[in-house]
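Here the structure comes first, spelled out in structure tokens, and everything after it is commentary.
The values are calculated or read from the model by the stated rules, or taken from the named source; none is laboratory data. A quick note: this is a predicted structure, and the numbers were derived from the prediction, not measured. Positions of Cβ are backbone-derived with ideal geometry, glycine not excepted, and every protein chain shown enters the neighbour counts.
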Amino acid sequence: MGGTLVVEDVVKTFRNVTAVDHASFTVDEGSFTALLGPNGSGKSTTLKMCTNLFQPDSGKILVNGIDVREDTVAAMSGVGCVIETPEIYPDVTGRAYLEYLARVSGMSSESARSEAERVLDIVGMSDRADGKVKSYSKGMRQRVVLAQSLLGDPSMLILDEPTSGLDPQGTIEFGRILTELNREGKTILMSSHMLHEVEGLCDSAVIINHGRTAAQGSLEDITRRSTVTISVIGDVESGVISVVSGMSGVIEASEVSGGLKVRLEGGPEKQADLVKDLVSMGVRVYAVRKEDPLEEAFMDITGGDSE
């Protein structure tokens, strides 16, 4: 397998509990990939192994072809990460905190100041950089932590639920920053429990269930199955359900109050064809409502396990 990040047949057990069970997936260069799964599915454990905070019992993880376990420094040299958002000492300023970390990484004082200013600007914190961390909102602290992951200009970011706990405005702004970083070429792997957020940000996803890789691919491929409710004027004539059930791409169809509910394989084209065929049969369609495709796919793949 090729890719910026490759997870191959990885297993991690804690005492008698298998947290990750032969998981395998690839994160392609330049992608914005979501790592999804119910609570306890192994998402955080997987990310910790990708950053060598945990070591797998078996299997291997490669970053740009380098085994994370065998040569952690080389593998992680181009990776910025936020795993379990760290606490920042409350009486330092955001600028001082970032300058300190830059110096610890080997930068000169002058370079550290310049680098801190660069990442503060990216996350929109330049105007508050000289305030103490204890005066920051949760969203501001999380921006500083994101800025920390950007020190040294890594080509890949690994983020463990970076928007957790943010209000809607903070979530939107954080998403805007991540989208821009991805547009500029950074590969991003981000775990999340907010499916609507993933749909707006990511182009691909890996779904883990019970520690195993249950699905992976582009969001378009993962959400190709959808359920639509078609509202009609008048009654659905006898035989329509039978005809619809036999149409190409239709998995199942049923009559509901005021119309039909149809589950089908395919994207918008299949839905458009379905409506066209119904109209040609004399069915007076006046509205079509589609279920949330990622939520539906997630529930199908995980067997209905809740997030």
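Counting residues in region 127-143 that are over 23 Å from the mean Cα position of the chain (by Cα), under 26 Å from S192 (Cα atoms) and basic (K, R) gives zero. Residues in region 76-98 that are buried (at least 20 other Cβ atoms within 10 Å of the Cβ) and either among the β-branched types (V, I, T) or free of Cβ contacts under 8 Å to residues at least 12 places away in the same chain (or both): V79, V82. Just one of the listed residues (S204, S149, S231, S238) is under 19 Å from E84 (Cβ atoms) and among the polar types (S, T, N, Q), namely S149.
Evaluation of H210 against the conditions (1) within 28 Å of G40 (Cβ to Cβ); (2) touching a Lys or Arg at 6+ places or on another chain (Cβ under 9 Å) shows that the sole unmet condition is (2). The residues of region 199-224 that are in contact with an Asp or Glu (Cβ under 9 Å, 6 or more places away or on another chain) and surrounded by fewer than 17 Cβ atoms within 10 Å (Cβ to Cβ), listed by number, are E199, D203, R212, S218, E220.
Residues checked against (1) within 21 Å of A34 (Cα to Cα); (2) without any contact (Cβ under 8 Å) to a residue 60 or more places away in the chain; (3) in contact with a helix residue (DSSP H, G or I) (Cβ under 6 Å, 6 or more places away or on another chain):
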site: L166; (1), (2), (3): yes, yes, yes
site: E173; (1), (2), (3): yes, yes, no
site: I188; (1), (2), (3): yes, no, yes
site: L219; (1), (2), (3): yes, no, no
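Looking at E99, E117, E110, E84, just one residue is closer than 22 Å to S155 by Cβ and out of contact with any Cys (no Cβ under 7 Å at 6 or more places or on another chain), and that residue is E117. Quick test of your reading of the structure: S164 fulfils all but one of (1) of a type in the set (S, T, Y); (2) out of contact with any Asp or Glu (no Cβ under 6 Å at 6 or more places or on another chain); (3) under 21 Å from S44 (Cα atoms); (4) crowded, with 16+ Cβ neighbours inside 10 Å. Name the failing condition by number. Against the list (1) of a type in the set (S, T, Y); (2) out of contact with any Asp or Glu (no Cβ under 6 Å at 6 or more places or on another chain); (3) under 21 Å from S44 (Cα atoms); (4) crowded, with 16+ Cβ neighbours inside 10 Å, S164 comes up short only on (4). In region 235-254, of all residues being modelled with pLDDT under 90 and farther than 18 Å from R224 by Cα, the one that is surrounded by the fewest Cβ atoms within 10 Å (Cβ to Cβ) corresponds to S238. Listed here are the helices (runs of 4 or more DSSP H) enclosed by region 166-252 that have at least 1 residues being of a type in the set (D, E, K, R): 168-183, 195-201, 219-222. Among residues of region 38-56 that are farther than 17 Å from A215 by Cα, those with a beta-carbon under 8 Å from a residue that is in a helix (DSSP H, G or I) at least six positions away or on a different chain give the pairs T51/M76; N52/T72; N52/A75; N52/M76; F54/T45; F54/K48; Q55/M49; P56/M49. Based on this model, can you work out whether E161 counts as within 26 Å of P38 (Cα to Cα), in contact with a His (Cβ under 9 Å, 6 or more places away or on another chain) and in contact (Cβ under 8 Å) with a residue 24 or more places away in the chain? Against the criterion (within 26 Å of P38 (Cα to Cα), in contact with a His (Cβ under 9 Å, 6 or more places away or on another chain) and in contact (Cβ under 8 Å) with a residue 24 or more places away in the chain), E161 qualifies.
Summed over region 1-11, residues that are assigned to a strand (DSSP E or B) and either under 16 Å from the mean Cα position of the chain (by Cα) or closer than 19 Å to I158 by Cα (or both) total 5.
Restricting to region 170-198, what's the tally of residues that are surrounded by fewer than 17 Cβ atoms within 10 Å (Cβ to Cβ) and either basic (K, R) or in contact with a Lys or Arg (Cβ under 7 Å, 6 or more places away or on another chain) (or both)? Final tally of qualifying residues: 2.
Among the residues of region 86-100, is there at least one that is assigned by TED's automatic domain parsing to the domain that holds N182, touching a strand residue (DSSP E or B) at 6+ places or on another chain (Cβ under 7 Å) and over 23 Å from L146 (Cα atoms)? No.
A single entry from V73, V20 fulfils the requirement of being buried (at least 20 other Cβ atoms within 10 Å of the Cβ), β-branched (V, I, T) and either assigned by TED's automatic domain parsing to the domain that holds N182 or more than 21 Å from the chain's Cα centre (by Cα) (or both): V20. Residue count for region 124-164 satisfying the condition of being closer than 28 Å to L53 by Cα, of a type in the set (D, E, K, R) and outside any loop (DSSP other than H, G, I, E, B): 5.
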